[in-house]
Amino acid sequence: MSFVSVTSVSKYYGSRPILEHVNLEVSEGEFISLVGASGCGKSTFLRMLLDQERPTGGSITVDGRPLTGEPSQSRGIVFQRYSVFPHMSVRDNIIAASAFQTTYGWLRGAAKSQARRDADTALERIGLSHVADQYPAALSGGMQQRLAIAQAMAAKPRVLLLDEPFGALDPGTRLSMHAFLSDLRDETGMTVFMVTHDLEEGFKLGDRVLVFDKPRWDPQDPEAFGATITYDFDARDGGIPYQRLTEETHVLEPH
Amino acid sequence: MRWINRKPSRAATVVLMTLPFVAVFIAYALGSEARLAVNPQDKLLPAPSAIAETAIRLVTTPDKRSGDILFWRDTFASLQRLGLGVGISALIGLLAGLAIGLLPYVRATFSGFVSVMSMVPPLAILPILFIVFGLGEVSKVALVVIGITPFLIRDLSQRVLEIPQELFVKAQTLGASSLVISLRVALPLVMPRLIQAVRLSLGPAWLFLIASEAIASQDGLGYRIFLVRRYLAMDVILTYVIWITLLAFLLDLALRSLSRKLFPWAGEDGL
């Protein structure tokens, strides 16, 4: 049984189709890159995985359970902008991941100092401990996104959703963020969906690259048909497919 | 060089800033002098020196009958009413604004109602307040509250709606309940906006306060102004007007620096 299962999902805004006949099976621990032209519905698809929007038809299950109708702790999200809380210090942004689960949103006593230590460890790892007491506005774009990813991870989600997380960063920062994300993923082995405009980035980071496009196109009425997943590339092994044996061949097996 | 690119130096800015004040003062002094030259008994434009004398007498000399210095008693009474009115309004505005901005059910129920209610001219229902609450303190505070609360509710609910959706979604993915989202995300994010909205509503608040004091009161800055109007005591009126202006300015300044101090993350748009 696959971990994330999408079955004939469609999404309409009014009578206008955005996505139609989307089917997808994803195993736990896979890194999925979603690419496609602007307005092809890949961000809409991500929002449906997040449960911020509900599909018009079809069903999405995560770990065998259907989505509940609202975002929850099982799926973390990092947006391109507005991903961290501007009114909390960098440390408090990480602590929020545990504090927000309490009744009033504040930790007390031992739990508080424990969360503080955990947050400091996390900040040490992502190289932000020197700005722990500052507000996010004082951070560069790359540092803010690192903080946003660390914050999402602190809630220990099963699935991490990234909506063009590095879209606003300069190329150098982007490369270091790729390394950061790869390391993090190797460590946790979590399932990741990432929307990106950068094909190279998609292939570099992803195990699979899904292309969203419209299979049918009416020149008189470009909005008549919705998009779906038109290609599903195997992006492992540097994008060269068929490098792994998937069935029992009894050949070249060391005994 | 284009005029939009020419900027005054620091010193020039200070000079330019004081210029309109000096100009108004000179214009008044000239006008006053011209009138007093024709008729030394003129009461309409008392000389600046006469106003200063009156001001000193007002702030230092106790009233013969009660023994209080009326100037300070008026100030205290008015500020108390204003503070109570604005404080109650801010609290109602904050709570209602949060509820309307955050909860679609509350929004569907009350946003239309608040829009209509904010169109009721507060001064038109002042007689009703006097009838219902009597001529005491309650009706004056109530007028300030009724006058500025609808604005505060509408402004704050709008500000809550302007908070990027991403932040609410993010909070939900961190496991926050509706209560936690309102306490830890929406509330702190609109607090600078609340102070901003209160600053904007201070002008109307003074208006409603002085109006209610003018009609029925025993003390208060507005009461005194309307009382001495009968004797054409322009020197007293002008002293009070300048004092009210100064108070309003200081209140605004205090709120602004409070906002800066409490919410350093808000930046310039939080001012």
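In whole Å, largest first, what are the principal axis extents of the Cα atoms in segment B:3-44?
So the extents along the principal axes, rounded to whole Å, are 51, 18, 13.
Against the longest principal axis of chain A, how steep is helix A:109-125, in degrees 0 to 90 to the nearest 10, with axes from Cα atoms?
Once rounded, one gets 60 degrees.
For the Cα atoms of chain B, what angle does the longest principal axis make with the long axis of helix B:70-102, in degrees from 0 to 90, nearest 10?
20
State the Cα centre-to-centre distance between segment B:98-142 and segment A:1-72 in whole Å.
When both Cα centres are located, 46 Å separates them.
For segment A:84-156, divide the Cα radius of gyration by the Kirkwood radius and give the resulting Rg/Rh value with two decimals.
Over the Cα atoms of segment A:84-156, Rg/Rh equals 0.94.
Return the Rg/Rh value of chain A, two decimal places, where both radii are evaluated on C-alpha atoms and Rh is the Kirkwood radius. Don't skip to the answer; put the middle values down first.
Details: Rg = 19.9 Å, Rh = 19.7 Å.
A ratio of 1.01.
Listed highest first by mean packing, meaning other Cβ atoms within 10 Å per residue, what order do B:101-114, B:166-179, A:188-201 come in? Walk me through the numbers before you get to the answer.
Values: B:101-114: 14.5, B:166-179: 21.4, A:188-201: 18.6.
Going by the mean number of other Cβ atoms within 10 Å, highest first, we get B:166-179, A:188-201, B:101-114.
Peptide A:62-71: average number of partner chain Cβ atoms within 10 Å per residue? Display every interim value, and only then the final one.
Details: counts 0, 0, 0, 0, 0, 0, 0, 0, 3, 9.
Partner Cβ neighbours, averaged per residue: 1.
What FRET efficiency, computed as 1/(1 + (r/R0)^6) with R0 = 30 Å and r the Cβ-Cβ distance, is obtained for A:HIS178 and A:SER8, rounded to the nearest 0.05?
Values: r = 34 Å, r/R0 = 1.12.
So the FRET efficiency works out to roughly 0.35.
Normalised radius of gyration for chain B, please: alpha carbon Rg relative to 2.2 N^0.38 Å, two decimal places.
For chain B, the normalised Cα radius of gyration comes out at 1.26.
Take peptide B:177-183, look around each residue's Cβ out to 10 angstrom, count Cβ atoms belonging to other protein chains, and average those counts.
Values: counts 6, 0, 3, 9, 2, 1, 5.
Averaged over the peptide's residues, the number is 4.
Tell me, what is the Rg over Rh of segment A:95-206, with Rh the Kirkwood radius over Cα pairs? Write out the running numbers ahead of the final one.
On the way: Rg = 14.9 Å, Rh = 15.2 Å.
Radius of gyration over Kirkwood radius for segment A:95-206 works out to 0.99.
So, counting K/R as plus one and D/E as minus one, what does the shell of residues with Cβ under 14 Å around B:LEU232 add up to? Intermediate values should be presented prior to the final figure.
Working: positive: B:ARG35, B:LYS43, B:ARG229, B:ARG230; negative: B:ASP42, B:ASP235.
In short, +2.
For peptide A:76-87, how many partner chain Cβ atoms fall within 10 Å of a residue's Cβ, on average?
Mean partner shielding for this stretch: 6.
What is the mean projected area of the alpha carbon convex hull for the protein assembly as shown, to one decimal in square nanometres?
Details: hull surface 159.2 nm².
The orientation-averaged projected area of the Cα hull of the protein assembly as shown comes to 39.8 nm².
Only bridges whose two residues both fall in the protein assembly as shown count here: according to DSSP, what percent of them are antiparallel, nearest 5? Kindly include the intermediate steps, with their values, before the conclusion.
Values: 20 of 39 bridges.
If we restrict to bridges inside the protein assembly as shown, about 50 percent are antiparallel.
For B:PHE133, what is the net charge nearby, where nearby means another residue's Cβ is under 14 Å from its Cβ and Lys, Arg count +1, Asp, Glu -1?
Numbers: positive: B:ARG81, B:LYS140; negative: B:GLU137.
For residues surrounding B:PHE133, the net value is +1.
Using only the alpha-carbon atoms, how far is helix B:187-215 inclined from the longest principal axis of chain B? Give it as 0 to 90 degrees, nearest 10.
Computed tilt is about 40 degrees.
Readers should treat all values here as calculations from the given coordinates under stated rules, not as data from a laboratory. These numbers were taken from a predicted model, which means no experiment stands behind them. Ideal geometry is used to build each Cβ from the backbone, glycine not excepted, and the neighbour counts take in all protein chains shown.
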